[in-house]
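Here's the structure, in structure tokens; my notes come after.
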Amino acid sequence: MGLFGSISKALRGAADRLALLDPPGPLPSSPSGGTQARRIPITDRWHRVSHPGHGLTPRRLVEIYAMAERGFPAEQCALFDDMTERDLHMRSQHEQRIDEVAGKDWIVQAGGDSEADRFAAAELDARLRKVPNFGELLEHQLTANGYGYAGSEIDWDKVDGVFAPVWFSNVPHRRFRFDEYERPRILTDSNWLTGEDLPHGRYMFSRRRGTTTVRAGYLRSACLYSYFKTLSLRDWMVFAERFGLPFVYGRYDEGAPDDERDALLAAVKMLGKDGSAIFSRASEIAIEHAQGGNSEGVHASIITMMDGQISKLITGSSIIADGGEGGSYALSRVQQSRTFSITVADAKRLADRFEQDIGVPFVTWNGIAARAPRLKMHIVRDVDPQTRANVITTLAAGLKLRVDEEQIRQEFQLKAPVNGEGLGAPEAPAPGAAPKPSGGDGADDSAE
């Protein structure tokens, strides 16, 4: 190639890398059709039955991680699935972190204060509530925290003259690979090895920050501790089988005839199998427990420590997850605050991604001169109802802050009264309105 050719190639490579720092290009004039994500590639047929977590070894674990760093994370995703399925504690913490956000109520919030901003938010909110799997979209996008990334293809359609999402195809994590510049590509039937680019405006793609995308998820770190916990649990089961079960043995006097020895052996076998046997007075059978090892001080401690590390990694708290060992009220409050901060951050990242991948295309393709709508999850601290009611009363009565009645009814699960009948103070009449009749016969006492 020569010196000049090598320099030119290096400069082109540097230009490509710098191009990744630029913002995404402009949206197309209208949504692109097709269902790219539902074209199942050949790799899905064997990745679906691939279980690298079965018979896992340290060497194999390193190989799987190295392959993911080369841009092919399919085996790493299969490993995450195996370990999450097998490790009950890790699965509980993983699903808890997702549910802390996806399990909450949501609204589409206006991106600004103008009438157009509010109109765009109301339109998108109404359209999304008709999409049957929008809740699954939220759950899938939140798995980016564990896997490092998550992608969903958006089916746009024009309904009543408005372009809006009508379906979300949540793509399995194994269906993505990453090129040398960290750009995600989806594997399809026609391109199942190198993958295809994600069309701008057709995907909601979340990713976590990190040295590389495939190393950014917490499941990559949690799998190491889960693997060590599996080894400890295996050794604990071997210990229990060897030292936890009693064993039966017989004694016979020196010079005992062969028939007595045979009878004693048969009795020991029957006692160990059926729990009953007969033998002569000259023989002795003893049942003893094996002594040795200290399983509670080694294996159980290792498993407890691993569970605590996994809890702190995923939810930021080990006391809240398992009650902890000892600890203090102040420490519990600190970890509870940490968990709440993680939940708020997850909701914000989800809202930012929603704004860019759904809100911006919605206002652009429908020609609405408005700021992009945002997704607002109803995230609040867990407090008892009495405390929350006192806070609302202080804000409404003391600071004269107007509050939304429907939101209060939702939070306290209070039904609206039928025909105005119910407990509580009656509504004050509007200024200038005639007073309601107070007599039982409906007559107005003030008319005399």
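The values are calculated or read from the model by the stated rules, or taken from the named source; none is laboratory data. The structure presented is a predicted model; accordingly, all values stated were derived computationally and were not measured. No Cβ is skipped: glycine too gets one built from the backbone with ideal geometry, and neighbour counts run over all protein chains shown.
Does VAL49 satisfy the criteria of being part of a helix (DSSP H, G or I) and either modelled with pLDDT under 95 or more than 27 Å from ILE303 (Cα to Cα) (or both)? When the stated conditions are applied, VAL49 does not pass them.
Scoring ALA66 on the criteria (1) more than 24 Å from the chain's Cα centre (by Cα); (2) at pLDDT 95 or above; (3) surrounded by 12 or more Cβ atoms within 10 Å (Cβ to Cβ) leaves a single failure, condition (3).
When LEU21 is tested against (1) outside the structural domain of THR84 (by TED's automatic domain parsing); (2) at pLDDT 80 or above, just one condition goes unmet, and that condition is (2).
Mind counting the residues in the stretch 115-153 that are in contact with a Gly (Cβ under 8 Å, 6 or more places away or on another chain) and aliphatic (A, V, I, L, M)? Quick ask: steps written out before the conclusion?
First, pick out the residues of the stretch 115-153 that are in contact with a Gly (Cβ under 8 Å, 6 or more places away or on another chain): 117, 120-121, 124, 144-149.
Filter again for aliphatic (A, V, I, L, M), leaving 120-121, 124, 144.
Here the count works out to 4.
Test ARG127 against the criterion of being within 21 Å of ARG45 (Cα to Cα) and part of a helix (DSSP H, G or I), and give yes or no. It is false that ARG127 is within 21 Å of ARG45 (Cα to Cα) and part of a helix (DSSP H, G or I).
In the set (1) part of a loop (DSSP other than H, G, I, E, B); (2) more than 24 Å from the chain's Cα centre (by Cα); (3) small (Gly, Ala, Ser), the condition left unmet by GLY210 is number (2).
Residue-wise test of (1) in contact with a helix residue (DSSP H, G or I) (Cβ under 8 Å, 6 or more places away or on another chain); (2) modelled with pLDDT under 95; (3) β-branched (Val, Ile, Thr); (4) buried (at least 21 other Cβ atoms within 10 Å of the Cβ).
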residue: ILE303; (1), (2), (3), (4): yes, yes, yes, no
residue: SER317; (1), (2), (3), (4): yes, yes, no, yes
residue: ILE320; (1), (2), (3), (4): yes, yes, yes, no
residue: GLY326; (1), (2), (3), (4): no, yes, no, no
residue: ALA330; (1), (2), (3), (4): no, yes, no, no
residue: VAL334; (1), (2), (3), (4): no, yes, yes, no
residue: SER337; (1), (2), (3), (4): no, yes, no, no
residue: GLY359; (1), (2), (3), (4): yes, no, no, yes
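Taken together, the residues in the stretch 101-145 that are among the acidic types (Asp, Glu), at pLDDT below 95 and closer than 26 Å to ARG207 by Cα amount to 1.
Does the stretch 373-405 hold any residues that are under 26 Å from the mean Cα position of the chain (by Cα) and within 28 Å of GLY112 (Cα to Cα), and which are they? Walk me through it before giving the result.
Narrowing the stretch 373-405 to residues under 26 Å from the mean Cα position of the chain (by Cα): 373-384.
Within the stretch 373-405, PRO373, ARG374, LEU375, LYS376, MET377, HIS378, ILE379, VAL380, ARG381 qualify.
Among what's in the stretch 161-175 and is more than 19 Å from the chain's Cα centre (by Cα) and small (Gly, Ala, Ser), pick the residue that is modelled with the lowest pLDDT. Lay out the reasoning, then the answer.
Narrowing the stretch 161-175 to residues more than 19 Å from the chain's Cα centre (by Cα): 161-167.
In the following step, the residues that additionally are small (Gly, Ala, Ser) were identified as 161, 164.
Numbers: GLY161: 92, ALA164: 95.
Within the stretch 161-175, the match that is modelled with the lowest pLDDT is GLY161.
Remark: pairs (first residue in the stretch 357-377, assigned to a strand (DSSP E or B); second residue surrounded by 21 or more Cβ atoms within 10 Å (Cβ to Cβ) and of a type outside the set (Phe, Trp, Tyr); Cβ separation under 6 Å; 6+ apart in sequence or on different chains) = MET377/VAL101; MET377/ALA347. Is there a residue being within 21 Å of ASP99 (Cα to Cα), part of a helix (DSSP H, G or I) and modelled with pLDDT under 95 anywhere in the stretch 388-407? Scanning the stretch 388-407, I find at least one residue that is within 21 Å of ASP99 (Cα to Cα), part of a helix (DSSP H, G or I) and modelled with pLDDT under 95, so the answer is yes.
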